[in-house]
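The block underneath contains the structure these notes are about, expressed in structure tokens.
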Ligand SMILES: Nc1ncnc2c1ncn2[C@@H]1O[C@H](COP(=O)(O)OP(=O)(O)O)[C@@H](O)[C@H]1O
Ligand SMILES: [Mg+2]
């Protein structure tokens, strides 16, 4: 749910529409099923310079995604890419673990910088309030700090040497 809220705040539409629903085991998130173009090679896509993939790198850095595998990329027949399975995100500790390292250490796009500035403001307002319904105060605060860090460096993050930076299995 929180990953969807951040995706919506970016305006990048990277996470399929997600809502909370009542169910037999209580409240849970329910996500729109995205029909994929299964002729797309996920390995090629994950290593490509598709703009949605570059945007997803920024989203993952913000949400601290510890599980961006190839199978969590959904290419649509229209040429868009959605991301799913954000079950291991928003840890207060840095845990970015992803297949998408092709922009590591490279400058963020001007578009990404603009979006991060907007996110920073939103985290003090509606977005921060909405996230507080799903995350701890510390997790929300750390999200703001990750946005700030990205804006300070102006760079895509580098893989850490302190934890496995690539998910296993990768697909
Ligand atoms: N919203 C969605 N639309 C289409 N396919 C999806 C969607 N969510 C998940 N999937 C497919 O189902 C697979 C398993 O879902 P996922 O959320 O990764 O479950 P798990 O937490 O068990 O790994 C994904 O890798 C993807 O192929
Ligand atoms: Mg999964």
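The values are calculated or read from the model by the stated rules, or taken from the named source; none is laboratory data. It should be emphasised that the depicted structure is a prediction, and the values quoted were computed from it without experimental measurement. Counting neighbours? That spans all protein chains shown, and the Cβs are built from the backbone with ideal geometry, glycine included.
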Legend entry - The lone exception for residue 42 - which of (1) over 22 Å from residue 10 (Cβ atoms); (2) surrounded by 17 or more Cβ atoms within 10 Å (Cβ to Cβ); (3) away from ligand 2 (no atom under 16 Å from the Cβ) it fails: (3)
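Yes or no, residue by residue, for (1) touching a helix residue (DSSP H, G or I) at 6+ places or on another chain (Cβ under 9 Å); (2) closer than 14 Å to residue 58 by Cα; (3) outside any loop (DSSP other than H, G, I, E, B); (4) at pLDDT below 95:
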{"residue": "122", "(1), (2), (3), (4)": "yes, no, yes, no"}
{"residue": "144", "(1), (2), (3), (4)": "yes, yes, yes, no"}
{"residue": "158", "(1), (2), (3), (4)": "no, yes, no, no"}
{"residue": "162", "(1), (2), (3), (4)": "no, no, no, yes"}
{"residue": "171", "(1), (2), (3), (4)": "yes, no, no, yes"}
Inset, instruction - Give just the number: which of (1) touching a strand residue (DSSP E or B) at 6+ places or on another chain (Cβ under 8 Å); (2) within 16 Å of ligand 2 (Cβ to nearest atom); (3) outside any loop (DSSP other than H, G, I, E, B) does residue 71 not satisfy? - result: (1)
Inset, instruction - Please enumerate the residues belonging to segment 86-104 that are within 16 Å of ligand 1 (Cβ to nearest atom), free of Cβ contacts under 8 Å to residues at least 60 places away in the same chain and either crowded, with 17+ Cβ neighbours inside 10 Å or not in a loop (DSSP other than H, G, I, E, B) (or both). - result: 100
Legend entry - Residue in segment 108-115 that is closer than 17 Å to residue 154 by Cβ, outside any helix (DSSP H, G or I) and either more than 16 Å from ligand 2 (Cβ to nearest atom) or touching a residue at least 24 places away in the same chain (Cβ under 8 Å) (or both) present: yes
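Is it the case, given these coordinates, that residue 35 is buried (at least 18 other Cβ atoms within 10 Å of the Cβ) and within 16 Å of ligand 1 (Cβ to nearest atom)?
The answer is no for residue 35.
Tell me yes or no: at least one residue of segment 50-57 is assigned to a loop (DSSP other than H, G, I, E, B) and touching a residue at least 40 places away in the same chain (Cβ under 8 Å). Lay out the reasoning, then the answer.
Applying the first criterion (assigned to a loop (DSSP other than H, G, I, E, B)) to segment 50-57 yields 50.
Narrowing further to those that are touching a residue at least 40 places away in the same chain (Cβ under 8 Å): none.
No.
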Inset, instruction - Specify the residue that is surrounded by the fewest Cβ atoms within 10 Å (Cβ to Cβ); the eligible residues are those in segment 58-68 that are within 15 Å of ligand 1 (Cβ to nearest atom) and assigned to a loop (DSSP other than H, G, I, E, B). - result: 67
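Determine whether segment 22-33 contains at least one residue that is in a loop (DSSP other than H, G, I, E, B) and in contact with a strand residue (DSSP E or B) (Cβ under 6 Å, 6 or more places away or on another chain). Step through it out loud before you land on a result.
As a first pass, look at segment 22-33 and keep what is in a loop (DSSP other than H, G, I, E, B): 24-25, 32-33.
Now restrict to residues that are in contact with a strand residue (DSSP E or B) (Cβ under 6 Å, 6 or more places away or on another chain): none.
No: segment 22-33 contains no residue that is in a loop (DSSP other than H, G, I, E, B) and in contact with a strand residue (DSSP E or B) (Cβ under 6 Å, 6 or more places away or on another chain).
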